[in-house]
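Data first, discussion second: the structure below is written as structure tokens.
None of the figures in this text is laboratory data; all of them are computed from the coordinates on show. Note that the structure is a prediction, hence the values are computed from the model and not measured. Here the Cβ positions follow ideal geometry from the backbone for every residue, glycine too, while neighbour counts run over all protein chains shown.
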Amino acid sequence: MSRGYSENVSIVDDVSQDGVVTQIHFEGDDITVQRTWDADPHLKYAELARQQTEGKSWGQGRFIGHIPPEPLAKFLLIRNNEERNKAIMAWLQENSKFQMFHRAFK
């Protein structure tokens, strides 16, 4: 008797309100859960916020950047505030389109 699936099968299990898509892939005896999220709404928000806060100072509502829910959830697992802040700044440095205040990263 053969084991596993004779064909590879993928199922879209869930699409959340935040645009996170959960897919389940069956490949032979292996099962893989893949979660992806649509960055476009978050990139648009970051650009709009960057434009709206241009020329403002910190006390006037200036933000450093926008972090979508998926990466934010990973940062919230870091209990040490200093380590969490370093991880967030490193992520924003690598993902500059989510930055809202570029001078913070110079």
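Taken over region 75-91, the criterion of being loosely packed, with under 12 Cβ neighbours inside 10 Å and among the basic types (K, R) is satisfied by R79 alone. Residues in region 54-86 that are closer than 15 Å to A39 by Cβ and over 12 Å from the mean Cα position of the chain (by Cα): 1 in all. Is it true that E94 is loosely packed, with under 15 Cβ neighbours inside 10 Å and among the acidic types (D, E)? Yes.
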